[in-house]
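Report on one structure; see the data block that follows.
The values are calculated or read from the model by the stated rules, or taken from the named source; none is laboratory data. It should be emphasised that the depicted structure is a prediction, and the values quoted were computed from it without experimental measurement. Cβ placement follows ideal geometry from the backbone for every residue including glycine, while neighbour counts extend to all protein chains displayed. For the accessible areas, the whole protein counts, side chains as well, though only heavy atoms, and no ligand, DNA or RNA atoms are used. Shrake-Rupley method; radii C 1.70, N 1.55, O 1.52, S 1.80 Å.
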Amino acid sequence: MPKSLLDFMAPPSALPEAFRPQKSLSLSELLDPREGERILVLGYGDLQVLEAWQKRGTELLLCVQSEAEAVKARKAGVRAVLAQAEYLSDRQRFDGIILLDPGYRMHQPERAIRHLVRALKRGGRLLMELPLNGHLEAAGEVLDRVLGDRGCREEVERIEYPPANVWRNALQRAGVSLEEDRIIYRHRRISRERLEEWGEGLIRPSALLLDPAEGKKMIDQLRQAMEACCENGFFLDEEVLLRVVGAAHQEG
């Protein structure tokens with residue numbers, strides 16, 4: 001029988017340690033803040049992770065972009081402010097800054113990175129996964145159809161993500177030493193039960209000024225439209241992200 005390429009490939013267990021596939025740690029696992037550290041979190045993120053950090057004595061401050069997110073965080077016992085990264089005024093305050101929610105928008109990359117890095121202590125860690133062109137493209141196409149059907153394209157911003165080199169240049173100019181810098185493609189299979197949550201996350205960053213009642217109707221219609229596109233009970237999409245992990249070495 002003719003051999004295929006797979007016949008010549010050694011199983012992972014037989015490969016030298018350096019060549020074995022490695023599970024990529026999440027940003028929260030990489031940050032792993034210690035007791036007494038001050039951490040700025042961009043976006044609401046995973047509440048269980050935030051609660052675990054607070055229990056170990058980490059001081060957290062959430063930077064969110066909607067009042068609803070701020071209220072939700074405060075009810076969970078996490079300090080939160082309604083603010084844009086571009087307008088942070090802190091200087092050398094934080095031991096780490098982490099972007100836990102790719103839906104948190106940074107409209108001016110150069111200014112946002114400069115202010116974030118300025119807010120870090122010397123050597124402070126900066127961890128982000130930044131959306132790039134093609135991010136959640138399948139859901140975006142469905143949303144575009146829904147907006148057309150509802151006749152409200154003007155009320156919801158069409159997001160154009162900055163290219164990777166824009167972020168990289170901004171990080172370099174701000175004095176960030178990168179330990180990790182790569183584009184990742186993360187395939188998503190969203191179950192029917194999670195479609196409303198997924199649709200809400202998709203609309204939120206581009207419709208901050210949308211009337212809540214209208215937003216609820218739009219999310220419901222988006223859920224129905226995505227449900228019609230499901231394959232074997234799942235909606236398929238892909239995240240396209242620039243993953244950066246680095247440290248601030250500039251003199252603040």
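The residue that is nearest to R188 (Cα to Cα), among those in region 212-239 that are of a type in the set (A, V, I, L, M) and either surrounded by fewer than 20 Cβ atoms within 10 Å (Cβ to Cβ) or free of Cβ contacts under 8 Å to residues at least 40 places away in the same chain (or both), is L236. For region 136-145, filtered to residues that are touching a residue at least 60 places away in the same chain (Cβ under 8 Å) and open to solvent by 20 Å² or more (accessible area, probe 1.4 Å), the residue that is nearest to the chain's Cα centre (by Cα) is L136.
Within region 165-175, identify whether any single residue is open to solvent by 20 Å² or more (accessible area, probe 1.4 Å) and either in contact with a Gly (Cβ under 6 Å, 6 or more places away or on another chain) or not in a helix (DSSP H, G or I) (or both), and answer yes or no. Within region 165-175, one or more residues are open to solvent by 20 Å² or more (accessible area, probe 1.4 Å) and either in contact with a Gly (Cβ under 6 Å, 6 or more places away or on another chain) or not in a helix (DSSP H, G or I) (or both).
Candidates R93, R74: the one that is touching a helix residue (DSSP H, G or I) at 6+ places or on another chain (Cβ under 6 Å) and among the charged types (D, E, K, R) is R93. If the condition is being open to solvent by 30 Å² or more (accessible area, probe 1.4 Å), out of contact with any Phe, Trp or Tyr (no Cβ under 8 Å at 6 or more places or on another chain) and in a strand (DSSP E or B), then region 96-123 contributes R122, G123.
Those residues that are among the small types (G, A, S) and at pLDDT below 80, I need them from region 149-164; list them, please. Passing the criteria: only G151.
For region 10-26, state whether one or more residues are open to solvent by less than 90 Å² (accessible area, probe 1.4 Å) and modelled with pLDDT of 80 or more. Looking for residues that are open to solvent by less than 90 Å² (accessible area, probe 1.4 Å) and modelled with pLDDT of 80 or more, one finds at least one in region 10-26, hence yes.
All conditions but one from (1) more than 27 Å from L178 (Cα to Cα); (2) acidic (D, E); (3) open to solvent by less than 40 Å² (accessible area, probe 1.4 Å) apply to E51; the one that does not is (3).
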